[in-house]
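One structure below.
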Amino acid sequence: MLSVLGADVPVPLAGGGERAYAALDQAASAPALVRVWEDVAAYAPYYGSVHRGAGHLSRLSTELFEQSRVTVAGFLGIDADDPDRQVVFTRSTTDSLNLLARALPAGTRVFVFETEHHASLLPWRDHDTVVLDAPDSPSRAVELLDRALAEAPPGPRLLCVTGASNVTGELWPVAELTEVAHRHGARVVLDAAQLVPHHRVDVGRLGVDWVAFSGHKLYAPFGAGVLAGRADWLRAAEPYLAGGGASRGVERRPDGGLDVRWQESAARHEAGSPNVIGAYALASACRALTDVGFERIAAREQRLLARLRRGLADLPEVRVLSLFGPDAERVGVVSFVVDGWSSGRLADALSAEWAIGVRAGLFCAHPLLRALLGAAPGGAGECGGGELDAVRVSFGVGTPDEHVDRFVRAVRELVGRSPGGDC
């Protein structure tokens, strides 16, 4: 199995001494794969400008950048030579979805569930947006979308949907939702940020029109993301950023204005000096995960996930959050609340006493957390803190068994004592 940087990093404990850090907040940012780091280090001395020089290092960097695009396309099951498909390098999933939002044709109606991460919920605010209720099952999600699309007036339509929840880890019925969307003439963009580190994402098999994801969740935290899929709306849109690289030619008109001929390729939306190291790191992670095989990755993850869930199920004070129920398929992401403890206090104790890093809060998915916890907007939490929130534990390919076991032991010990003035 693949190894990651920082697996043995010692961190200080509140009571003195040190302990190896257990990185269990990988749904936020995953550590770099050792293989990715080694690839980046090997390339670094040869770093040069991309698409902007005739020297050897510039040519090498340009070739590396464009080959990274081909690698990512293959990773997603896209033919890199298909003129109707593009792989655009961005900064993150958030950047990718904002780019697509800028490229939508006038009058596009966007459909999105309230359960989305803010990155896939908020970019559509300037469009006519239909926000669907949180479903209690995958089949209910399909029914809600089918009804909403059937009742909508004609015009261009887009569904934005997550592949795996960043809160519950549950897998969404992407292929089924896409089938319904296409039947009603809607296109689909998949937020694969939480899905792509755990499962193969094949654009052809799922049928989606675009997929967006981030390198920093794919063990390549070097500032790169991807928007990949259909080229027509991207090619017709104004460039996401105006600048060098996005233009093929610029001429000054007699009246003093400028005439610009924009690129037709992915470069149209990649103005400025490209993040070649980020793109190369992301491509390296794609190769590494493909070489290991997602079947092996998923099998090990499910074993760790079952171990974690069994441990939490033995604690009556703990309530694991779920939309679709305990039997739903999910990735290695679990969020929960503990009777008598605020989530922030529990996360602080896990860090200070056990050297375990988790996340506490609303996970940039406020409507979903409120739906799961039954909180009215702006309502106070059970301890009067103003918001209900939760603890999230998440892991990936480099997570040792000991980290999961340590986490379960720590939660068991902490919930067995008084939180000490927490409420």
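The values are calculated or read from the model by the stated rules, or taken from the named source; none is laboratory data. Remember, it's a predicted structure, so these values are computed and weren't measured experimentally. Neighbour counts run over all protein chains shown; Cβ positions are idealised from the backbone, glycine included.
Checking each residue in segment 219-237 for being closer than 9 Å to residue 268 by Cβ, over 24 Å from the mean Cα position of the chain (by Cα) and not basic (Lys, Arg) picks out only 237.
All conditions but one from (1) at pLDDT below 95; (2) surrounded by fewer than 20 Cβ atoms within 10 Å (Cβ to Cβ); (3) not aliphatic (A, V, I, L, M) apply to residue 409; the one that does not is (1).
Candidates in segment 169-186 are the residues that are surrounded by 15 or more Cβ atoms within 10 Å (Cβ to Cβ) and among the aliphatic types (A, V, I, L, M); of these, the one that is nearest to residue 141 (Cα to Cα) is 177.
Within segment 1-44, restricting attention to residues that are modelled with pLDDT under 95 and surrounded by 14 or more Cβ atoms within 10 Å (Cβ to Cβ), which residue is nearest to the chain's Cα centre (by Cα)? Going through the qualifying residues, I end up with 2. Look at residue 114 and say whether it is of a type outside the set (Lys, Arg), over 29 Å from residue 392 (Cα atoms), at pLDDT 95 or above and assigned by TED's automatic domain parsing to the domain that holds residue 202. Spelling it out, it is not the case that residue 114 is of a type outside the set (Lys, Arg), over 29 Å from residue 392 (Cα atoms), at pLDDT 95 or above and assigned by TED's automatic domain parsing to the domain that holds residue 202. When the test is whether a residue is hydrophobic (A, V, I, L, M, F, W, C), modelled with pLDDT of 95 or more and under 25 Å from residue 61 (Cβ atoms), residue 236 does not pass it. You will find that of 299, 283, the residue that is in the same structural domain as residue 233 (by TED's automatic domain parsing) and within 27 Å of residue 225 (Cα to Cα) is 283 and no other. None of 196, 201 is crowded, with 23+ Cβ neighbours inside 10 Å and either on the phi < 0 side of the Ramachandran plot or assigned to a loop (DSSP other than H, G, I, E, B) (or both) except 196.
Exactly one residue out of 271, 352 is touching a residue at least 12 places away in the same chain (Cβ under 8 Å), under 23 Å from residue 416 (Cβ atoms) and either surrounded by fewer than 18 Cβ atoms within 10 Å (Cβ to Cβ) or assigned by TED's automatic domain parsing to the domain that holds residue 173 (or both): that is 352. Of all residues in segment 312-322, those that are under 24 Å from residue 173 (Cβ atoms) and in contact with a strand residue (DSSP E or B) (Cβ under 6 Å, 6 or more places away or on another chain) total 2.
In the set (1) more than 24 Å from residue 174 (Cβ to Cβ); (2) surrounded by fewer than 17 Cβ atoms within 10 Å (Cβ to Cβ); (3) modelled with pLDDT of 95 or more, residue 309 fails one condition alone, (1).
Of the residues making up segment 68-80, one or more are surrounded by fewer than 14 Cβ atoms within 10 Å (Cβ to Cβ) and farther than 16 Å from residue 267 by Cα.
Yes/no per residue for (1) surrounded by fewer than 17 Cβ atoms within 10 Å (Cβ to Cβ); (2) farther than 24 Å from residue 24 by Cα; (3) at pLDDT 95 or above:
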site: 264; (1), (2), (3): yes, yes, no
site: 285; (1), (2), (3): no, no, yes
site: 335; (1), (2), (3): no, no, yes
site: 341; (1), (2), (3): no, no, no
site: 346; (1), (2), (3): no, no, yes
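No other residue among 330, 319 is in contact (Cβ under 8 Å) with a residue 12 or more places away in the chain and more than 22 Å from the chain's Cα centre (by Cα) apart from 319.
The residue pairs whose first member lies in segment 123-136 and is not assigned by TED's automatic domain parsing to the domain that holds residue 168 and surrounded by fewer than 16 Cβ atoms within 10 Å (Cβ to Cβ), whose second member is of a type in the set (Val, Ile, Thr) and assigned to a loop (DSSP other than H, G, I, E, B), and whose beta carbons are closer than 8 Å, counting only pairs six or more residues apart or on different chains, do not exist in this structure.
Taking every residue in segment 236-253 that is within 19 Å of residue 104 (Cβ to Cβ) and pairing it with any residue that is in a loop (DSSP other than H, G, I, E, B) and charged (D, E, K, R), at least 6 positions away or on another chain, the pairs with Cβ-Cβ distances below 9 Å are 239/270; 240/270; 241/270; 246/270.
Residue-wise test of (1) in contact with a Gly (Cβ under 9 Å, 6 or more places away or on another chain); (2) touching a residue at least 24 places away in the same chain (Cβ under 8 Å); (3) among the aliphatic types (A, V, I, L, M); (4) closer than 25 Å to residue 400 by Cα.
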{"position": "8", "(1), (2), (3), (4)": "no, no, no, yes"}
{"position": "14", "(1), (2), (3), (4)": "no, yes, yes, yes"}
{"position": "30", "(1), (2), (3), (4)": "yes, yes, yes, yes"}
{"position": "34", "(1), (2), (3), (4)": "yes, yes, yes, yes"}
{"position": "43", "(1), (2), (3), (4)": "no, yes, no, no"}
{"position": "46", "(1), (2), (3), (4)": "no, no, no, no"}
{"position": "59", "(1), (2), (3), (4)": "yes, no, no, no"}
{"position": "70", "(1), (2), (3), (4)": "no, no, yes, no"}
{"position": "77", "(1), (2), (3), (4)": "yes, yes, no, no"}
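Looking at segment 1-103, the strands (runs of 3 or more DSSP E) lying wholly inside it that each contain 2 or more residues that are closer than 26 Å to residue 120 by Cα and touching an Asp or Glu at 6+ places or on another chain (Cβ under 7 Å) sit at 85-90.
When segment 83-122 is filtered for residues that are under 21 Å from residue 164 (Cβ atoms), surrounded by fewer than 21 Cβ atoms within 10 Å (Cβ to Cβ) and among the aliphatic types (A, V, I, L, M), only 122 remains.
Selection over segment 105-131 of residues that are more than 15 Å from residue 191 (Cβ to Cβ) and touching a Ser or Thr at 6+ places or on another chain (Cβ under 7 Å) gives a count of 1. Checked against the criterion of being touching a Leu at 6+ places or on another chain (Cβ under 8 Å), in a helix (DSSP H, G or I) and modelled with pLDDT of 95 or more, segment 128-136 contains not a single residue that satisfies it. Has segment 91-111 got any residue that is within 18 Å of residue 183 (Cα to Cα), out of contact with any Pro (no Cβ under 9 Å at 6 or more places or on another chain) and among the small types (Gly, Ala, Ser)? No, that holds for no residue.
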